[in-house]
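Participant: Right, I'll just put the structure down here and ask away after.
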Amino acid sequence: MGDEVLRQQFETMTLQYLDSLYNFALLLTRERDRAEDLVQETYLRAYRFYDRYVCGTNYKAWLFTMMRNIFINGFHQRAREVSLSDMDEIESNTDSYEAPADALFSGRSMLEKGIFRVDIEKALNDLPDRLKAVIVLKDIEGFDYKEISKILGCPVGTVMSRLWRSRNFLKKTLRDYSQNRSRHRARLETV
């Protein structure tokens, strides 16, 4: 195949996942600028190593795994460059991840229960990163357990356990939000 055909094939396959890659990058970095840089680095590396992609395998999972590896390698490199006191400052200045939560929960039942997108986003942000990553990859991005296992570099059983804990945490948190909102409405109606 010619270079032009390979380039077009690469662009066709990769461009459809840019939004998903960006959302995953936000989850990893918690900063918009760093997320954009991570997506760009992933895109460039995927282009450079496109010939290594095994046709017929899950291309999206290949990209996500690549992004995770780039992030981890960059994190280790930055950790060597940044002192511990600087690390505290970086952690306190990070932006929160804005998940496309409507992919997780939608429909009239959520509104009837008094649960809104902002509640879902807050509940997702309250999850520890390792739990948030699993729920984003499964319920938003649609990866199966084996693919998530490869992307995150952990056993399938760990993926299943984290997903179960994530979903239970979200159910409990959203139930609490709904009950608090109902109590607040009831107080307003009696005034």
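The values are calculated or read from the model by the stated rules, or taken from the named source; none is laboratory data. Quick caveat: nothing in here was measured; it's all calculated off a predicted structure. FYI the Cβ positions are ideal-geometry reconstructions off the backbone, even for glycines, and counts take in every protein chain you see.
Okay, residues lined up against (1) among the small types (Gly, Ala, Ser); (2) at pLDDT 80 or above; (3) more than 24 Å from Tyr17 (Cβ to Cβ); (4) under 23 Å from the mean Cα position of the chain (by Cα):
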residue	(1), (2), (3), (4)
Phe143	no, yes, no, yes
Ser149	yes, yes, no, yes
Leu152	no, yes, no, yes
Val159	no, yes, no, yes
Trp164	no, yes, yes, yes
Lys172	no, yes, yes, yes
Gln179	no, no, yes, no
Arg187	no, no, yes, no
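Table: residues versus (1) of a type in the set (Val, Ile, Thr); (2) at negative phi; (3) over 15 Å from the mean Cα position of the chain (by Cα).
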{"site": "Gln9", "(1), (2), (3)": "no, yes, yes"}
{"site": "Thr12", "(1), (2), (3)": "yes, yes, yes"}
{"site": "Thr29", "(1), (2), (3)": "yes, yes, no"}
{"site": "Glu41", "(1), (2), (3)": "no, yes, yes"}
{"site": "Tyr47", "(1), (2), (3)": "no, yes, yes"}
{"site": "Asp51", "(1), (2), (3)": "no, yes, yes"}
{"site": "Ala61", "(1), (2), (3)": "no, yes, no"}
{"site": "Thr65", "(1), (2), (3)": "yes, yes, no"}
{"site": "Gly74", "(1), (2), (3)": "no, yes, yes"}
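Participant: Spot the failing condition for Val54; the list is (1) hydrophobic (A, V, I, L, M, F, W, C); (2) without any contact (Cβ under 8 Å) to a residue 12 or more places away in the chain; (3) surrounded by 15 or more Cβ atoms within 10 Å (Cβ to Cβ), and only one is missed.
Facilitator: With (1) hydrophobic (A, V, I, L, M, F, W, C); (2) without any contact (Cβ under 8 Å) to a residue 12 or more places away in the chain; (3) surrounded by 15 or more Cβ atoms within 10 Å (Cβ to Cβ) applied to Val54, the lone miss is (3).
Participant: Further question: Here is a list of conditions, (1) at pLDDT 70 or above; (2) closer than 25 Å to Arg34 by Cα, and Asp88 meets all of them except one; can you say which number that is?
Facilitator: Just one mismatch for Asp88, condition (1).
Participant: Residues to consider are Leu26, Leu38; find the one that is surrounded by 19 or more Cβ atoms within 10 Å (Cβ to Cβ) and touching a residue at least 40 places away in the same chain (Cβ under 8 Å).
Facilitator: Residue meeting the stated conditions: Leu26.
Participant: Quickly run through region 129-182 and pick out the residues that are surrounded by fewer than 17 Cβ atoms within 10 Å (Cβ to Cβ) and over 27 Å from Asn58 (Cα atoms).
Facilitator: Listed by number, the residues that qualify are Asn168, Lys171, Lys172, Arg175, Asp176, Gln179, Asn180, Arg181, Ser182.
Participant: Which of the residues that make up region 6-58 are part of a helix (DSSP H, G or I), within 30 Å of Ala123 (Cα to Cα) and of a type in the set (Ser, Thr, Tyr)?
Facilitator: Across region 6-58, the qualifying residues are Ser20, Tyr22, Thr29, Thr42.
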